[in-house]
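Okay, structure first, notes after.
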Amino acid sequence: MSIEMLQFLARNCRDLRVLLLGTNRSEEVLNKEKGVHPFLESLRIMKRESLCTELHRKPFHLNEIKESCPQYHFHGYCHGIGLI
């Protein structure tokens, strides 16, 4: 989903019972060499318009992933991503 689509849905689904869930990897959007990532600017605008709530979570551990997705067989763990 594009950033623009996320903003559009957030603005136009205010009165609906809809959960829009987005994730990002902080090392990708907080790259000082590349400047401000467009996602951060959109997040700032959506917060200002009371369109979103930001939740911070530590990376999942392999056991948490295994418990959440028992139908998959995970063989490893790399940078927050379960390897199947």
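Beta carbons closer than 7 Å, at least 6 apart along the sequence or on distinct chains, pair a first residue in the stretch 62-73 that is in a helix (DSSP H, G or I) with a second that is modelled with pLDDT under 75 and surrounded by 10 or more Cβ atoms within 10 Å (Cβ to Cβ) for Leu62/Phe74; Leu62/Tyr77; Leu62/Gly82; Ile65/Phe74; Ile65/Gly82; Lys66/Phe74.
A quick yes/no check of all residues on (1) exposed (fewer than 11 other Cβ atoms within 10 Å of the Cβ); (2) without any contact (Cβ under 8 Å) to a residue 12 or more places away in the chain; (3) part of a helix (DSSP H, G or I):
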site: Leu6; (1), (2), (3): no, no, yes
site: Leu19; (1), (2), (3): yes, yes, no
site: Leu40; (1), (2), (3): no, yes, yes
site: Ser50; (1), (2), (3): yes, yes, no
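Evaluate the following for Val29: is it of a type outside the set (D, E, K, R), out of contact with any helix residue (DSSP H, G or I) (no Cβ under 7 Å at 6 or more places or on another chain) and at pLDDT 75 or above? The answer is no for Val29.
The values are calculated or read from the model by the stated rules, or taken from the named source; none is laboratory data. Quantities reported herein were computed from a predicted structural model and do not represent experimental measurements. As a convention, Cβ positions derive from the backbone with ideal geometry for all residues, glycine included, and neighbour counts pool all protein chains shown.
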